[in-house]
Every structure is written in structure tokens, then in C-alpha cells.
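The values are calculated or read from the model by the stated rules, or taken from the named source; none is laboratory data. Model, not experiment: these values are computed from the prediction. Cβ coordinates were reconstructed from backbone atoms using ideal geometry, including for glycine residues, and neighbour counts include every protein chain displayed.
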Amino acid sequence: MLKNLDPLLNADVLYALRAMGHGDYLVISDTNFPADSVARQTAIGKLLRIEAPAPRAVEAVLSVMPLDTFIDDAAQRMEVVGAPDEITEVQSEVQSVINNAEGKPWPLVPVERFAFYDRAKKAYAVVTTGERRFYGCFILTKGVIPPDA
């Protein structure tokens with residue numbers, strides 16, 4: 001255990017978050033996502049895990065990782081097939097976590113399922129969670145931490 005660090009952030013996840021650069025993608029996936037096969041195609045090349053529901057995993061990640069403020073889609077969600085405007089319960093919960101972490105309303109941009117898979121393969125890393133609800137898949141783009149004023 002470390003002080004002031006979310007206990008869900010294990011060594012592998014912390015390494016990936018620290019190694020990522022501005023503009024790199026991080027996938028947070030549910031248990032149904034093809035996480036292992038996608039993770040093998042990412043920069044880190046292996047699957048990472050946070051054994052918690054997706055909203056809690058996103059909360060842990062955003063406790064240390066800034067979202068990219070230079071783009072409009074720094075937080076993305078997988079669209080519901082056949083109902084692209086539908087927001088699932090897990091997506092609504094993650095939206096609240098993101099808004100809280102950023103201190104303001106933040107767009108959670110929908111991405112069509114197969115386009116989501118394509119983007120995920122270009123990610124720095126994939127973190128699978130214990131989330132069992134459908135459509136608990138998200139892509140977060142790492143931002144920057146400005147120098148002290």
C-alpha cells in the first residue's frame with residue numbers, strides 16, 4: 001500500500017499510466033470485451049487488470065491521470081448496437097465519475113462498436129475490469145499536467 005494512492009492502482013497499471021504520454025489512449029473494458037487479444041496489439045502488449053466495476057476503475061485511473069483538454073473526445077464510450085443514443089447505467093455512472101474528476105461536465109463521446117475496437121487496438125494499454133454489465137467499455141486519452149504557476 002502507498003499513501004494517497006488508490007489501492008486499485010496496482011504496479012502494472014501504475015507503470016502503464018506513468019509511461020503513457022500526452023495523447024495516448026487507455027482502454028477500460030468490461031468482462032465481455034476481447035481484452036486479451038486487443039491488448040496484445042497495444043503499445044504495452046499485455047492485458048492489465050483492475051478487479052472492480054468499471055466506474056470504480058475509471059475513478060482510480062482519473063485520480064492520477066489527467067484527461068486531454070486539447071481534443072473534444074478525450075473520454076469515449078462504446079455505443080449500444082442498434083441504439084447509438086442510448087446511455088446505459090454503467091455509462092451514466094462513468095459519466096458522473098468523469099465529471100467529478102474533472103470538476104465540470106465533460107463529454108463522454110459515443111463510438112460505434114467496431115470503430116471502438118479499431119481505436120482500442122491503437123491504445124497504449126487495455127485495462128480489463130470486473131464489470132459485468134454490457135457496454136462498460138471506455139477509452140480515455142491522457143492529457144498533460146501544467147507546470148506550477
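Structure values in brief
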read-out	value
Every residue from segment 134-145 that is touching a Pro at 6+ places or on another chain (Cβ under 9 Å) and either at pLDDT below 95 or surrounded by 16 or more Cβ atoms within 10 Å (Cβ to Cβ) (or both)	Gly136, Lys142, Gly143, Ile145
Among (1) touching a residue at least 40 places away in the same chain (Cβ under 8 Å); (2) small (Gly, Ala, Ser); (3) over 15 Å from Leu140 (Cβ atoms); (4) exposed (fewer than 12 other Cβ atoms within 10 Å of the Cβ), the one test that Ala52 misses	(4)
Residue list for segment 52-88, restricted to those being among the charged types (D, E, K, R) and either in contact with a Phe, Trp or Tyr (Cβ under 9 Å, 6 or more places away or on another chain) or under 17 Å from Pro107 (Cβ atoms) (or both)	Asp68, Asp72, Asp73, Arg77, Glu79, Asp85, Glu86
First in segment 59-82 and on the phi < 0 side of the Ramachandran plot, second anywhere and basic (Lys, Arg) and in a strand (DSSP E or B), Cβ under 9 Å, 6 or more apart	Met65/Lys142; Pro66/Lys142; Leu67/Lys142; Asp68/Lys142; Ala74/Lys142
Strands (runs of 3 or more DSSP E) wholly inside segment 49-149 that include at least 1 residues being polar (S, T, N, Q)	75-78, 125-129, 138-141
So Ser29, is it closer than 16 Å to Ala125 by Cα and polar (S, T, N, Q)	yes
Failed item, numbered, when Phe33 is tested on (1) over 16 Å from Trp106 (Cβ atoms); (2) surrounded by fewer than 16 Cβ atoms within 10 Å (Cβ to Cβ)	(2)
Residue pairs meeting the criteria (Cβ under 8 Å; at least 6 apart or on separate chains; first in contact (Cβ under 8 Å) with a residue 60 or more places away in the chain, in segment 84-106; second acidic (Asp, Glu) and part of a loop (DSSP other than H, G, I, E, B))	Val90/Asp30; Val90/Glu131
Segment 117-129 residues that are at positive phi and without any contact (Cβ under 8 Å) to a residue 24 or more places away in the chain, paired with ones that are surrounded by fewer than 24 Cβ atoms within 10 Å (Cβ to Cβ) and not hydrophobic (A, V, I, L, M, F, W, C) (beta carbon under 8 Å, 6 or more apart)	none
Selection from segment 100-117 of residues that are surrounded by 14 or more Cβ atoms within 10 Å (Cβ to Cβ) and within 15 Å of Val64 (Cα to Cα)	Ala101, Glu102
Odd one out for Asn4, checked against (1) surrounded by fewer than 18 Cβ atoms within 10 Å (Cβ to Cβ); (2) part of a loop (DSSP other than H, G, I, E, B); (3) modelled with pLDDT of 95 or more	(3)
Exclusive hit being in contact with a Gly (Cβ under 6 Å, 6 or more places away or on another chain) and not small (Gly, Ala, Ser), set Val144, Val90	Val90
